[in-house]
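Enquirer: Quick one: this structure, given as structure tokens, is what I'll be asking you about.
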Amino acid sequence: MSSRKLLIVGVDAASPTWLRRWTADGTLPNIAAFMAAGLVGETRNIEGFEGSTWPSFATAVGTGKHGFYWQQQLKPGTYRILGCDPGDHISQPMLWETLSAAGRRVVLLDIPMCPPSPNLNGVQRVEWGGHDLAFGFQTTPPGLRREILAAVGPYPYPGRCDVASRSTEECRAFADLLLKAVPLGTRLARETLHREPWDFAIQVYGEAHCAGHQLWHLHDPGHPAYDPEVTARFGNPVREVYVAIDQAIGELLADVSPDTTVVLMSLHGMAPPWGAAILIPEILERLGVKQYPLAPAPEGGHDGGGHRLLALYRRLPVQIRQPIYRVRQYVNQRLLRRGEPLGFDPARTRAFDIILGGAFSGIRLNLRGREPHGILESGAEAERFITGLRRDLLEITDLRTGRPAISRIIRTAEEFPGPKLDGLPDLIVVWNEENALGTTNAGGGKGARVKVSSPKIGTVEGVNSYCRTGDHLLEGLFVVRGPGIAPGKLDRVVRTIDLAPTFARMMGCEMRDVDGVPIPELLDAPVAAGSGR
């Protein structure tokens, strides 16, 4: 059994560009010193399925094998979108489960979008804090939850960081809560690592993720809503959060022994939003591939009572409708597991859109024999349809910039093969990241209107009202410092799914039947053979 200890510190969704810039100018001295002493590498995340970033890292397999791509997915055999979490789809063992089964003792602290692991040889804290809240605050052992709440209380910011809107003053208050959370999380991590015996440990700071999504417009001069006078008045909260995490990393590193291998990583980055996903439903309708019912079907009984109730509901003030909608969604999604109907007419629809976030859009073919009321034949007919749809989509221009609106179209079957392929969108629209997009929730709505055009669709426009002012880039970064690892820079980009098999090999174990491959440059130090289970 390997005697190596491995500590991973995740700075969730931190921008590699700004990490490099701020380490170079002295803003992040602890990360700068760590990078100088370690091997620095670049990663590229799973393209199109940013919602599966952490599960793909943890299992080292692609989305076609584990099946999870977003927190709302198409319910099999229906035209409904059902709320879900990775635990509803993923059966592959995660990195730490492989290590635990091989006898390594693990400590897992706030790993995003990864469900509690059964029969764990170690300690796990799930969602005390973080960006993605899928499982609620849980611990292994269960009594640890009470100890954490007694020691530091609940996470300073309750619930999800996404809200309908925030004023600049509210952004400042939100940032202050994130800044309060970082040292509390660090205190918990240090106490746990001191108290528990461990071979493998991972601590993830989700504050960088929350700050990036909600506060990027106060930080990045390239954002349409950036106002230097506002930032001068209220501060740069993204920078402040990175500085707080830098201090936390310094404290964690001071505690570990020189023979411990330490990894600092961000699996994907952050930038101003750019995707025009809000337009894809109308684009598909203009192209004639998606059709809506000729008349809205009444809800409720044959007497039209449900229809009348719906009309009354729509006349209610928004502050009353929203709580009712949330209750209805909870009942449909969580209790009845019915999901939300997509609302198109399947008898006249050859393809329909699937939400994948702002930077990507999913398109699923309405295939006969696969979908409940499919009309498109698999084989030659579907291939001709895809060829034409791809051509029509790539002709679309962003009228704000004159650039193509879409960079490319991914065939899911080609890049994400596996037994779960049939549950995924068939095509992924990759929006052009050169076309920065604002939102009505920041900077007076500057840059929030997006307008695209092509000969086939004419002009389609819409306004982005999503609360997030930052969105993900595929580029990530990692730094490894430890015995036998020479400082420097890796001269190639590795996939995020290659990291977990590498870490397993470092610990003398093997992840079986995975897509990722170990990174040889990180395995030069001799590691004793383990059970590989």
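Enquirer: Just give me the residues in the range 99-111 being assigned to a helix (DSSP H, G or I) and either on the phi > 0 side of the Ramachandran plot or open to solvent by 10 Å² or more (accessible area, probe 1.4 Å) (or both), in sequence order.
Expert: 100, 101
Enquirer: Restricting to the range 128-152, and then to whatever is farther than 19 Å from residue 70 by Cα and touching a residue at least 24 places away in the same chain (Cβ under 8 Å), can you tell me which residue is surrounded by the fewest Cβ atoms within 10 Å (Cβ to Cβ)?
Expert: Filtering first and then ranking leaves 151.
Enquirer: Can you tell me which residue in the range 214-244 is farthest from residue 440 (Cα to Cα), limited to those that are of a type in the set (Phe, Trp, Tyr) and open to solvent by less than 30 Å² (accessible area, probe 1.4 Å)?
Expert: Out of the qualifying residues, it is 242.
Enquirer: Of all residues in the range 46-78, which are in contact with a helix residue (DSSP H, G or I) (Cβ under 6 Å, 6 or more places away or on another chain) and of a type outside the set (S, T, N, Q)?
Expert: Hits for the range 46-78 are 46, 49, 55, 57, 58, 60, 64, 66, 67, 68, 69, 70.
Enquirer: Right, something else. Any residue at all in the range 395-409 that is touching a strand residue (DSSP E or B) at 6+ places or on another chain (Cβ under 7 Å), modelled with pLDDT of 95 or more and among the small types (Gly, Ala, Ser)?
Expert: Among the residues of the range 395-409, at least one is touching a strand residue (DSSP E or B) at 6+ places or on another chain (Cβ under 7 Å), modelled with pLDDT of 95 or more and among the small types (Gly, Ala, Ser), which makes the answer yes.
Enquirer: Taking the stated definitions as given, is residue 114 within 27 Å of residue 424 (Cα to Cα), touching a helix residue (DSSP H, G or I) at 6+ places or on another chain (Cβ under 6 Å) and open to solvent by less than 30 Å² (accessible area, probe 1.4 Å)?
Expert: Yes.
Yes/no matrix, rows are residues, columns are (1) open to solvent by 10 Å² or more (accessible area, probe 1.4 Å); (2) out of contact with any helix residue (DSSP H, G or I) (no Cβ under 6 Å at 6 or more places or on another chain); (3) closer than 30 Å to residue 225 by Cβ; (4) in a loop (DSSP other than H, G, I, E, B):
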site	(1), (2), (3), (4)
407	yes, yes, yes, no
414	yes, yes, no, no
439	no, yes, yes, yes
473	yes, yes, yes, yes
477	no, no, yes, no
511	yes, no, no, yes
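Enquirer: Here is a follow-up. Residues of the range 8-36 being more than 21 Å from residue 260 (Cβ to Cβ), touching a residue at least 60 places away in the same chain (Cβ under 8 Å) and polar (S, T, N, Q), which ones?
Expert: Listed by number, the residues that qualify are 15, 17, 27.
Enquirer: Could I ask something else about it? Check 125, 80 and return the single one that is in contact with an Asp or Glu (Cβ under 8 Å, 6 or more places away or on another chain), closer than 27 Å to residue 160 by Cα and open to solvent by 40 Å² or more (accessible area, probe 1.4 Å).
Expert: Residue meeting the stated conditions: 80.
Enquirer: Within the range 113-135, identify whether any single residue is part of a strand (DSSP E or B), under 22 Å from residue 72 (Cα atoms) and within 24 Å of the chain's Cα centre (by Cα), and answer yes or no.
Expert: yes
Enquirer: Kindly indicate which of 14, 58 is in contact with a Cys (Cβ under 9 Å, 6 or more places away or on another chain) and buried (at least 19 other Cβ atoms within 10 Å of the Cβ).
Expert: The match here is 58.
Enquirer: Looking only at the range 17-38, count how many residues are open to solvent by 20 Å² or more (accessible area, probe 1.4 Å) and in contact with a strand residue (DSSP E or B) (Cβ under 9 Å, 6 or more places away or on another chain).
Expert: The qualifying residues number 4.
Enquirer: Among the numbered criteria (1) basic (Lys, Arg); (2) free of Cβ contacts under 8 Å to residues at least 24 places away in the same chain; (3) not in a helix (DSSP H, G or I), which one does residue 338 miss?
Expert: So the condition that residue 338 fails would be (2).
Enquirer: If a residue has to be crowded, with 16+ Cβ neighbours inside 10 Å, over 27 Å from residue 356 (Cα atoms) and either modelled with pLDDT under 95 or small (Gly, Ala, Ser) (or both) to count, how many in the range 254-297 make the cut?
Expert: So the answer is 0.
Enquirer: Here's another thing I want to ask about it. Take residue 201 and decide whether it is buried (at least 16 other Cβ atoms within 10 Å of the Cβ) and either of a type in the set (A, V, I, L, M) or modelled with pLDDT under 95 (or both).
Expert: Here the answer is yes, as residue 201 does meet what is asked.
Enquirer: Let me ask something else. Being in contact (Cβ under 8 Å) with a residue 12 or more places away in the chain and farther than 24 Å from residue 51 by Cα is true for just one of 365, 389, 356. Which residue is that?
Expert: Among 365, 389, 356, only 389 is in contact (Cβ under 8 Å) with a residue 12 or more places away in the chain and farther than 24 Å from residue 51 by Cα.
Enquirer: Just checking, does the range 153-175 include any residue being touching a residue at least 60 places away in the same chain (Cβ under 8 Å) and closer than 30 Å to residue 506 by Cα?
Expert: no
Enquirer: Can you tell me which residue within the range 376-398, out of those that are within 15 Å of residue 426 (Cα to Cα), outside any helix (DSSP H, G or I) and of a type outside the set (Asp, Glu), is least open to solvent (accessible area, probe 1.4 Å)?
Expert: 376
Enquirer: So in the range 6-23, with the set limited to residues that are of a type in the set (A, V, I, L, M) and touching a Phe, Trp or Tyr at 6+ places or on another chain (Cβ under 9 Å), which one is farthest from residue 507 (Cα to Cα)?
Expert: Here is the first cut: in the range 6-23, the ones of a type in the set (A, V, I, L, M) are 6-9, 11, 13-14, 19.
Within this subset, residues satisfying the condition of being touching a Phe, Trp or Tyr at 6+ places or on another chain (Cβ under 9 Å) are 6-9, 11, 14, 19.
Working: 6: 8, 7: 11, 8: 13, 9: 16, 11: 22, 14: 26, 19: 28 Å.
So, considering only residues that are of a type in the set (A, V, I, L, M) and touching a Phe, Trp or Tyr at 6+ places or on another chain (Cβ under 9 Å), the one farthest from residue 507 (Cα to Cα) is 19.
The values are calculated or read from the model by the stated rules, or taken from the named source; none is laboratory data. Since the structure is predicted, the reported quantities are computational estimates derived from the model, not experimental observations. So basically every Cβ, Gly included, is an ideal-geometry build from the backbone, and we count neighbours across all protein chains shown. Just the protein is used for accessible areas: all its heavy atoms, side chains included, with ligands, DNA and RNA removed. Shrake-Rupley method; radii C 1.70, N 1.55, O 1.52, S 1.80 Å.
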